[in-house]
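Before any comments, here is the structure.
The values are calculated or read from the model by the stated rules, or taken from the named source; none is laboratory data. Since the structure is predicted, the reported quantities are computational estimates derived from the model, not experimental observations. A quick note on method: Cβ atoms are made from the backbone with ideal geometry, for glycine too, and the neighbour counts reach across all protein chains shown. Calculation scope for accessible area: heavy atoms of the full protein, side chains included, ligands and nucleic acids excluded. Shrake-Rupley method; radii C 1.70, N 1.55, O 1.52, S 1.80 Å.
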Amino acid sequence: MKIRLFILPALVGLALPFLVHAEARADTVFQADQPGYAFACDGQARSFGRLSGATPGAWITFSSPDVGGLLPGTADWSGGLSMSWQCDPVDAGSTWQVTATTSEGNQVTFSILGVDANAPAQVAAPALDPQPQGDVVFPELLSNAEHPDPVAPPQATPPANLSRFKDLIASCGVRQWMVCYDMGKHYLKATGADYRLNIGDLIWEERPLWASYEYWLRTKVAEAKAEAATVPSDQSKVIPFSSGWQGYDANGLNDWHFALGHFSFNVSGDLWVGPADSSGDRPVQLRYRTTMYDVYDFGGREFGWAKELATAGWAAEYYVWAEGDTITKSATMNDLDPESLGLEW
């Protein structure tokens with residue numbers, strides 16, 4: 001086994017003047033540039049790391065419980081010292097703990113791992129993301145999303161527009177607009193509890209909304225497929241996608257206009273792409289879910305007068321939610337055609 005050594009910097013004779021005049025900086029820390037080093041044991045002495053944070057010209061000694069004969073060195077003008085090491089092929093697999101100590105008493109400990117210089121380079125295992133399972137999670141609301149006002153304590157006197165609002169929801173019932181009727185009744189319960197809608201009924205009866213969902217689904221799946229094409233052929237990856245929260249106006253003279261008016265919708269999910277098979281094609285799994293949310297309140301001009309019911313505590317604003325099932329489809333990259341996807345829920 002050859003002697004392991006630290007090479008002294010050139011012009012050691014300049015160390016004494018530095019020691020006389022140099023002052024340590026209070027904002028520096030004596031340290032090694034890494035906590036541990038890998039060093040190829042081929043019998044050659046080579047530089048492998050550097051110390052920093054010492055006083056310029058400081059004397060730095062080295063000690064180790066694993067090996068002796070380590071040569072000292074002198075910190076250069078920047079307070080650093082480049083280090084060298086030497087080990088034979090028989091030392092591959094050994095680890096040496098080394099402590100460097102400055103003449104001011106500062107210390108740092110690091111390790112050196114001897115490796116076989118002739119060993120073939122290790123190839124990293126391909127990244128293999130598993131296929132996602134379960135439901136696509138409900139997307140987070142935007143930081144500036146609308147929220148219901150807190151439930152107010154009821155005032156002793158009924159608000160002036162209470163009867164007017166009851167007549168409004170009664171007219172919804174007469175027209176068989178049962179979502180409008182039921183949500184209005186829920187408003188008057190003044191609990192502030194969330195309200196769940198059937199998203200299938202909403203999409204089926206609001207065909208422009210259906211088209212909007214389908215547009216965003218096809219657009220985002222196309223983007224995800226384009227990214228999947230860049231994944232190395234021996235790897236698998238999950239690529240999430242989302243339309244973000246989009247706005248929609250139910251502005252027809254129908255149940256949904258009087259129940260919801262303007263609300264937000266989203267379609268989100270992920271595309272998993274697997275490693276290529278012998279033909280070069282790749283398996284894919286598509287998952288997506290349709291969602292919507294709204295706040296049942298009356299801040300607009302058409303029914304703004306109804307807000308006073310909540311302000312007086314005789315009603316309460318609330319969240320409205322709806323979500324479809326998680327739709328899962330399996331295909332291959334060659335077969336997946338985003339433009340032919342039909343919306344399901």
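Brief remarks on what is shown
- In the context of the full set of protein chains, residues of the chain present 53 Å² of accessible surface per residue (probe radius 1.4 Å, heavy atoms only).
- Between 43, 64, 32, the Cα set farthest toward the positive side of the dipole of the stretch 19-121 (charges on each charged residue's Cβ, about the Cα centre) is that of 32.
- With at most 10 neighbouring Cβ atoms within 10 Å, loop GluC sites (Glu not before Pro) (DSSP) excluded, longest segment of the chain: 141-301
- Lysine pairs within the chain, Cα separation less than 26 Å, 8 or more sequence positions apart or different chains: 10
- From helices alone, the chain scores -6000 deg cm²/dmol at 222 nm; the rule is -39500 (n - 2.57) for each run of n ≥ 4 DSSP H residues, then divide by the residue total.
- Anisotropy class of the stretch 116-249 from Cα gyration tensor, a/c 1.5 cut: prolate
- Exposed loop sites here are trypsin sites (Lys or Arg not before Pro) assigned a DSSP state other than H, G, I, E or B and surrounded by at most 14 other beta carbons within 10 Å; excluding them, the longest clear run of the chain is 26-174.
- Global form of the stretch 255-336, assessed from the alpha-carbon gyration tensor, a/c cut-off 1.5: prolate
- To the nearest 10, the accessible area of residue 195 is 30 Å² with a 1.4 Å probe.
- Local net charge near residue 82, Cβ-Cβ under 15 Å (Lys/Arg +1, Asp/Glu -1): 0
- Rg/Rh for the stretch 191-332, where both radii come from Cα atoms and Rh is the Kirkwood radius: 1.14
- The stretch 299-345 - convex hull of alpha carbons, volume per residue in Å³: 137
- DSSP finds beta bridges in the chain, and of those with both partners inside it, around 85 percent are antiparallel.
- 13 Å beta-carbon shell around residue 289, net charge (K/R +1, D/E -1): -2
- Radius 12 Å from Cβ of residue 321, net charge of other residues (Lys, Arg +1; Asp, Glu -1): -2
- For the stretch 79-163: rounded, prolate or oblate by the Cα gyration tensor [a/c cutoff 1.5]: oblate
- For the stretch 73-179, the carbon plus sulfur part of the accessible surface works out to 54%, probe radius 1.4 Å.
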